[in-house]
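The values are calculated or read from the model by the stated rules, or taken from the named source; none is laboratory data. Note that the structure is a prediction, hence the values are computed from the model and not measured. Note that each Cβ is placed from the backbone with ideal geometry, even for glycine, and that neighbours are counted across all protein chains shown. Surface accessibility is based on the protein's heavy atoms, side chains included, excluding ligands, DNA and RNA. Shrake-Rupley method; radii C 1.70, N 1.55, O 1.52, S 1.80 Å.
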Amino acid sequence: SGGVNALHPSGVKIFYDPRHATHSNAKGHPETPRRVDDCRRALEKTDATWQYLKQARTDAEESVRRVHSNQHISRVKKASKFYRFGRTRLAVDTYAKRGSHQTMLRAQSLWLDAVDHASIQNELAVALSRPPGHHASRHVADGFCLYNFAAGAAAYALDVLGKDWVALL
């Protein structure tokens with residue numbers, strides 16, 4: 001029909017960071033900036049509203065610390081400063097490069113902004129981030145993810161906002 005596709009009757013707000021591409025993986029790796037760029041292009045054809053991240057939130061690292069060990073965060077920070085062959089492998093399929101930690105804090109900020117929006121506006125919110133941010137465990141990076149943004153957002157909703165329960169899809 002060529003019309004706008006409605007995502008949800010009450011509206012959807014998408015939180016997005018155009019600087020996500022500052023984090024990259026080895027050539028040929030499946031987790032690339034294109035994954036999010038393709039999603040963005042498709043979602044721009046809908047009636048969703050967009051909020052672009054200007055800067056990382058001051059509480060983003062605190063959110064990461066709620067769900068990750070100090071040792072893990074130190075490894076990611078070190079790998080984000082170290083520059084050898086362009087990137088450092090932290091897991092079989094997961095890499096960090098110069099600046100990755102800061103890029104991850106920006107991505108965690110998207111998730112926190114989405115939780116705040118959903119909580120305050122009672123409207124669906126989507127954090128369109130990369131890497132996806134749901135595979136890393138407390139002590140290790142995994143599945144392309146340096147940090148677990150989903151767990152950080154859930155812990156924020158429970159611990160900071162005082163929510164009784166959380167649903168992240």
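Residues in the range 93-113 that are over 14 Å from Gln55 (Cα atoms) and open to solvent by less than 10 Å² (accessible area, probe 1.4 Å): Thr94, Ala96, Ser100. For the range 136-154, the set of residues classified as in contact (Cβ under 8 Å) with a residue 24 or more places away in the chain, surrounded by fewer than 19 Cβ atoms within 10 Å (Cβ to Cβ) and not basic (Lys, Arg) consists of His139, Val140, Asp142, Gly143, listed by residue number.
The set of residues in the range 39-57 that are over 15 Å from the mean Cα position of the chain (by Cα) and at pLDDT 95 or above is empty.
Considering the range 1-32, and only residues there that are at pLDDT 70 or above and assigned to a helix (DSSP H, G or I), the residue that is surrounded by the most Cβ atoms within 10 Å (Cβ to Cβ) turns out to be His20.
In this entry, Lys77 passes the filter for residues that are surrounded by 15 or more Cβ atoms within 10 Å (Cβ to Cβ), of a type outside the set (Ser, Thr, Tyr), modelled with pLDDT of 75 or more and more than 21 Å from Leu168 (Cβ to Cβ).
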